[in-house]
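Read through the structure below, which is laid out as structure tokens, and then see the notes.
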């Protein structure tokens with residue numbers, strides 16, 4: 001196996017997204033829209049939330065795609081505040097996976113390396129990553145053999161174009177696809193175990209992460225991609241720009257590894273490296289049982305989640321300015337997120353705080369029908385270590401009003417809500433706050 005020459009490494013570096021100058025790849029930070037009558041009406045309809053005793057302390061973003069899906073109206077409140085967002089942070093791994101896939105495809109097109117083994121060697125080559133226009137120290141973390149993307153475990157080079165091992169991720173929302181995966185989990189209570197993890201292909205674990213929020217699946221995928229590469233993707237998009245309130249920055253796994261000294265095999269994947277917790281605005285139980293820990297490796301801010309949501313719904317991910325690649329990547333993330341149906345995690349904001357109430361949340365208004373939903377929520381409980389239960393929401397919905405509302409042009413709406421720091425208190429639980437926020441936003445948008 002020939003090692004690429006310096007000139008060839010230069011060619012390869014030019015097509016790897018995370019090695020570009022971040023000034024050219026950074027997403028715009030979401031801010032409240034101004035300068036138009038529609039923007040003024042949006043603020044007038046939502047500004048009261050900032051002073052509401054139940055919702056005002058949270059970080060919230062509302063993105064209204066109804067009138068112009070490619071240039072949505074935005075309303076932000078406490079956008080810069082980072083909180084623990086739990087499983088909602090799994091969207092970071094999903095983004096990194098589709099970004100890595102594009103990197104591999106572009107490198108293949110150069111006809112310099114072609115086999116899985118050559119790619120494994122390439123991605124752990126320090127000479128490659130030292131060519132980055134991004135900070136060299138961060139890039140060299142990716143080259144660490146203990147952390148470099150394990151290309152040979154993630155991608156099937158027999159597919160054209162190369163894609164994840166396993167079923168086509170674009171078919172993930174089909175009932176047959178879901179059943180084929182979940183039926184294999186019956187014996188383990190519906191959740192993936194480390195003993196079974198290696199029997200599920202990458203695309204199957206990718207879907208389990210997005211739709212069912214499976215912790216083992218998410219951790220296994222993150223281990224194969226490598227935390228340093230995930231961090232590099234988030235930094236490149238400006239989603240992890242802590243100095244500017246962009247705090248989507250998960251740096252560890254979601255499921256504890258079993259004791260490797262105790263079979264049965266197979267053992268879990270390699271340990272995660274690069275764990276890098278940051279300060280957040282909620283509290284966690286420390287080793288002594290007190291609540292003094294306000295650093296988290298699953299942080300997120302409403303600004304970062306709103307930027308992610310806007311890029312996701314406008315096909316702006318994967319290849320700065322490349323429409324086809326952006327559509328491909330964003331569609332795969334969207335298709336593998338929870339859709340509010342069977343075999344999917346519900347959203348308190350859309351479906352209501354009572355899981356048995358199928359007409360909860362915004363469905364509680366008789367005239368409203370939710371026609372589409374994409375979500376990834378995070379739930380952290382006292383039993384997990386939280387001082388008070390908290391919820392994070394990352395939700396896109398499309399609704400139909402029948403009969404039509406007072407503003408008929410709002411009969412069909414498309415909008416998203418992101419929220420962090422919905423924390424239980426003596427007055428209202430975190431899930432009830434999420435439900436209340438969903439109702440408030442929906443009713444406000446109907447008046448625009």
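Which of rounded, prolate, oblate describes the stretch 105-174, given a ≥ b ≥ c as roots of the alpha-carbon gyration tensor eigenvalues and a/c under 1.5 marking rounded, otherwise prolate only if a/b is larger than b/c? Verdict is prolate for the stretch 105-174. For the chain, count all C-alpha to C-alpha pairs, find those more than 27 Å apart, and express that count as a whole percent of the total. Beyond 27 Å sits 52 percent of the P(r) for the chain. A Förster radius of 30 Å, combined with the Cβ-Cβ distance separating residue 41 from residue 244, puts the computed FRET efficiency at roughly 0.60. Normalised by 2.2 N^0.38 Å, where N is the number of residues, the C-alpha radius of gyration of the stretch 34-89 stands at 1.27. Over the chain, DSSP H runs of length four or greater, each weighted -39,500 (n - 2.57), average out per residue to a 222 nm ellipticity of -10000 deg cm²/dmol. Per-residue extension of 0.36 nm, minus the Cα-Cα distance of residue 171 and residue 371, leaves a gain of 70.1 nm for this segment. Over the Cα atoms of the stretch 16-133, the radius of gyration divided by the Kirkwood radius equals 1.14; this is the Rg/Rh ratio. The Rg/Rh ratio for the stretch 52-116 is 1.21, where Rg is the radius of gyration of the alpha carbons and Rh is the Kirkwood radius.
Just to verify a number: FRET efficiency for residue 400 and residue 2, C-beta to C-beta distance, R0 = 60 Å, to 0.05? The calculated FRET efficiency here is 0.55. Please say if the stretch 324-447 is rounded, prolate or oblate, where rounded means a/c under 1.5 for a ≥ b ≥ c the square roots of the C-alpha gyration tensor eigenvalues, and otherwise the choice is prolate for a/b larger than b/c and oblate otherwise? Since a/c reaches 1.5 but b/c is at least a/b, the shape of the stretch 324-447 is classed as oblate. Full extension of the chain segment joining residue 67 with residue 126 gains 16.5 nm, where the gain is 0.36 nm per residue of separation less the Cα-Cα distance. Using only Cα atoms, tell me the angle between helix 6-15 and the longest principal axis of the chain; keep it within 0 to 90° and round to the nearest 10. Roughly 20 degrees, rounded to the nearest 10. Ordering 330, 221 from the fewest to the most neighbouring beta carbons within 10 Å gives 330, 221. Classify the stretch 128-225 as rounded, prolate or oblate from the Cα gyration tensor: take a ≥ b ≥ c as the square roots of its eigenvalues, call it rounded if a/c is under 1.5, otherwise prolate when a/b beats b/c and oblate if not. The shape class here is prolate.
Relative to the first principal axis of the alpha-carbon coordinates of the chain, what is the inclination of helix 430-445, with its axis defined by its Cα atoms, in degrees from 0 to 90 and to the nearest 10? Tilt of helix 430-445: around 70 degrees.
Put in line by how crowded their Cβ is, counting other Cβ atoms within 10 Å and starting with the fewest, 204, 331, 393 read 331, 204, 393. A Förster radius of 25 Å combined with the Cβ-Cβ distance from residue 275 to residue 24 puts the calculated FRET efficiency at roughly 0.30. Taking every C-alpha pair closer than 8 Å and separated by at least 6 residues, the mean separation divided by the residue count of the stretch 158-289 gives a relative contact order of 22 percent.
The ranking of 181, 12 by Cβ neighbour count inside 10 Å, starting from the fewest, reads 12, 181. If you bin all the Cα-Cα distances of the stretch 173-267 at 5 Å, starting from zero, the percentages per bin are 2, 12, 20, 20, 17, 12, 9, 6, 2, 0.
Per-peptide packing, taken as the mean over residues of other Cβ atoms within 10 Å, places 148-157, 47-56 in the sequence 148-157, 47-56 from highest down.
In the chain, the longest principal axis of the Cα atoms and the axis of helix 323-336 are about 70 degrees apart.
Relative contact order of the chain, taken over Cα pairs closer than 8 Å and 6 or more residues apart, is 21 percent.
Where a number appears in this text, it was derived from the coordinates with a stated rule and is not lab data. It should be emphasised that the depicted structure is a prediction, and the values quoted were computed from it without experimental measurement. All Cβ positions, glycine included, derive from the backbone under ideal geometry; neighbour counts span all protein chains shown.
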